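Please find one structure pasted underneath; my questions will follow.
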Amino acid sequence: MKEILQDLSFAELQALVAEAEQPKFRAAQLYKGLMRGGRISKISDLPKAFKAWLCERFEDESVRIREVLTASDGTEKYLFELADGNIIEGVLMTYKYGRTQCVSTQVGCRMNCAFCASGLGGLVRDLTAGEILAQILLVNARFGGTAGKRAVTNVVLMGSGEPLDNYDNTVKFLRNVTAEGGICISARNISLSTCGIVPKMLALAEEGIPVNLTVSLHASSDEERARIMPVANAYKIADILHACDVYFQKTGRRYIFEYSLVAGENADREHAERLAALLRGRPCHVNLIRLNAVPERGLQGVSDKEAYRFLDVLEKSGLSATLRRSVGADIGGACGQLRASRLREGE
Ligand code: SAH
């Protein structure tokens, strides 16, 4: 594969323009064209020769939208194709206050959580910073958004992949997506979800990019967690909580725990009570998630009644908690489900 032009910051584009012996103002034209989600060869105000020069070294179209599915509730599921033919997916949720896009950070995933479709085929490769950014630029452009007037207002790193297992590219992406003059989505409007890679959580706290930190907890003891999340064998809950506290101290941002309710594993009253005891007094919020059953995984979710009962235990003990509204269930809304079904069909 050639290089990905969207990996470059504006300063790096300026250096590239100098290397190509083009006038300085071309950098702004090029940046604007990229921020509009365009492929290199279609940026109208650049000379043909310069575009040809760029396309020698960079992918003309690093990411393209291959398929869009729309759920009955308006949620959109995207299948993106990368320049090397790999496919990834994303979700767009439309709310009163704006649009939230869920992006992937890797092709596949090596965490292999027991309920998740993304890990079914293991990790194929990391996405580059520009491949993560391009997902947003394409969807933003689809809704008529520009760099100055964004159509995509919020971003969650909750698609396929573990962002902190692709740390350098993810941080570079965060710098570029928050950069002034670009699409400039504020760190406050970005959530990064991790399965709890403690050293990288601590590193992220030092980066000066105060995104909302979301941790997939899914259990309140290390033993129970390891049954559904192999990564629990490497990092203990106590260390994850410590890293969350460091993150809070450094950024002032309250952190969020995700807890997907899995029948027979973590969803009984006793589990709710233990979770409440574990988290009481912490500057956190708990987001309960209904399981999106993945056929290959053989695990089941719980009824609405059981989910609300679980929520009730948390709330009564004084925790801030919500049961996430389930959107896009009829289009395979959860991580990796669309890609898995397309791979199943023999794509
Ligand atoms: N690797 C990151 C991002 C993953 S996806 C992480 O682990 O946090 C975002 C959330 O969806 C995670 O909490 C993940 O555990 C959860 N999830 C994945 N597949 C799911 C499914 N089929 N049903 C419910 N939640 C799921």
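Hey, can you tell me all the residues within the stretch 93-114 that are crowded, with 24+ Cβ neighbours inside 10 Å and of a type in the set (A, V, I, L, M, F, W, C)?
Cys102, Val103, Cys109
How about the stretch 175-219: which of its residues are polar (S, T, N, Q) and within 16 Å of the ligand (Cβ to nearest atom)? Spell out how you get there, then give the answer.
Of the stretch 175-219, the ones polar (S, T, N, Q) are 176, 178, 186, 189, 191, 193-194, 212, 214, 216.
Ser191, Ser193, Thr194, Asn212, Thr214, Ser216 - these are the residues of the stretch 175-219 that are polar (S, T, N, Q) and within 16 Å of the ligand (Cβ to nearest atom).
Scanning the stretch 140-174 for residues that are part of a helix (DSSP H, G or I) and touching a Leu at 6+ places or on another chain (Cβ under 6 Å), which turns out nearest to the ligand (Cβ to nearest atom)?
Checked the stretch 140-174; the qualifying residue nearest to the ligand (Cβ to nearest atom) is Pro163.
Only one of Leu54, Leu92 is touching a strand residue (DSSP E or B) at 6+ places or on another chain (Cβ under 8 Å) and of a type in the set (A, V, I, L, M, F, W, C). Can you tell me which? Walk me through it before giving the result.
Values: Leu54 fails: touching a strand residue (DSSP E or B) at 6+ places or on another chain (Cβ under 8 Å).
One residue alone meets the criteria, Leu92.
Can you name the residue in the stretch 77-117 that is within 18 Å of Arg324 (Cβ to Cβ) and free of Cβ contacts under 8 Å to residues at least 40 places away in the same chain and is also farthest from the ligand (Cβ to nearest atom) among such residues?
Across the stretch 77-117, the extreme among qualifying residues is Lys96.
Could I ask something else about it? Pick out, from the stretch 81-126, the strands (runs of 3 or more DSSP E) lying fully within it that include 1 or more residues that are under 20 Å from Ile4 (Cα atoms), of a type outside the set (Val, Ile, Thr) and touching a helix residue (DSSP H, G or I) at 6+ places or on another chain (Cβ under 9 Å).
87-95, 106-108, 123-126
Check the stretch 157-170 and report whether any residue there is of a type in the set (S, T, N, Q), within 17 Å of Asp7 (Cβ to Cβ) and either open to solvent by 10 Å² or more (accessible area, probe 1.4 Å) or not assigned by TED's automatic domain parsing to the domain that holds Glu258 (or both).
Within the stretch 157-170, the subset of a type in the set (S, T, N, Q) is 160, 166, 169-170.
Add one more test, that the residue is within 17 Å of Asp7 (Cβ to Cβ), and what stays is 166, 169-170.
From the residues that got through so far, the ones that are either open to solvent by 10 Å² or more (accessible area, probe 1.4 Å) or not assigned by TED's automatic domain parsing to the domain that holds Glu258 (or both) too are 169.
Looking for residues that are of a type in the set (S, T, N, Q), within 17 Å of Asp7 (Cβ to Cβ) and either open to solvent by 10 Å² or more (accessible area, probe 1.4 Å) or not assigned by TED's automatic domain parsing to the domain that holds Glu258 (or both), one finds at least one in the stretch 157-170, hence yes.
Right, something else. In the set Glu61, Glu81, Glu67, which member is modelled with pLDDT of 95 or more and in contact with a Leu (Cβ under 6 Å, 6 or more places away or on another chain)? Working first, answer last.
Details: Glu61 fails: in contact with a Leu (Cβ under 6 Å, 6 or more places away or on another chain); Glu81 fails: in contact with a Leu (Cβ under 6 Å, 6 or more places away or on another chain).
None of the others qualify; the one that does is Glu67.
Residues checked against (1) assigned by TED's automatic domain parsing to the domain that holds Ala219; (2) modelled with pLDDT of 90 or more; (3) within 14 Å of the ligand (Cβ to nearest atom):
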{"position": "His285", "(1), (2), (3)": "yes, yes, yes"}
{"position": "Ile289", "(1), (2), (3)": "yes, yes, yes"}
{"position": "Val302", "(1), (2), (3)": "yes, yes, yes"}
{"position": "Lys305", "(1), (2), (3)": "yes, yes, no"}
{"position": "Tyr308", "(1), (2), (3)": "yes, yes, no"}
{"position": "Leu314", "(1), (2), (3)": "yes, yes, no"}
{"position": "Ser317", "(1), (2), (3)": "yes, yes, no"}
{"position": "Arg325", "(1), (2), (3)": "yes, no, yes"}
{"position": "Gly328", "(1), (2), (3)": "yes, no, yes"}
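Within the stretch 27-44, is there a residue that is of a type in the set (D, E, K, R) and open to solvent by less than 70 Å² (accessible area, probe 1.4 Å)? Please lay out each step first, then the result.
In the first step, residues of the stretch 27-44 are kept if they are of a type in the set (D, E, K, R); the result is 32, 36, 39, 42.
Still in the list and also open to solvent by less than 70 Å² (accessible area, probe 1.4 Å): none.
No, the stretch 27-44 contains no residue that is of a type in the set (D, E, K, R) and open to solvent by less than 70 Å² (accessible area, probe 1.4 Å).
Which ones in the stretch 175-202 are within 27 Å of Val262 (Cβ to Cβ), in a helix (DSSP H, G or I) and touching a residue at least 40 places away in the same chain (Cβ under 8 Å)?
Those that are within 27 Å of Val262 (Cβ to Cβ), in a helix (DSSP H, G or I) and touching a residue at least 40 places away in the same chain (Cβ under 8 Å): Val198, Met201.
Sticking with this one: Conditions: (1) touching a Leu at 6+ places or on another chain (Cβ under 7 Å); (2) surrounded by fewer than 19 Cβ atoms within 10 Å (Cβ to Cβ); (3) under 22 Å from Arg66 (Cβ atoms). Arg125 meets all but one. Number of the miss?
(1)
Which of (1) within 15 Å of the ligand (Cβ to nearest atom); (2) within 13 Å of the chain's Cα centre (by Cα); (3) hydrophobic (A, V, I, L, M, F, W, C); (4) open to solvent by 10 Å² or more (accessible area, probe 1.4 Å) is the odd one out, the single condition Leu120 does not satisfy?
Looking at each condition in turn, Leu120 falls short on (2).
The values are calculated or read from the model by the stated rules, or taken from the named source; none is laboratory data. All figures in this text were calculated on a predicted structure; none of them were measured in a lab. With ideal geometry, Cβ positions are generated from the backbone for all residues, glycine too; neighbour counts draw on all protein chains shown. Just so you know, the surface numbers come from the protein's heavy atoms only, side chains and all, with ligands and any DNA or RNA stripped out. Shrake-Rupley method; radii C 1.70, N 1.55, O 1.52, S 1.80 Å.
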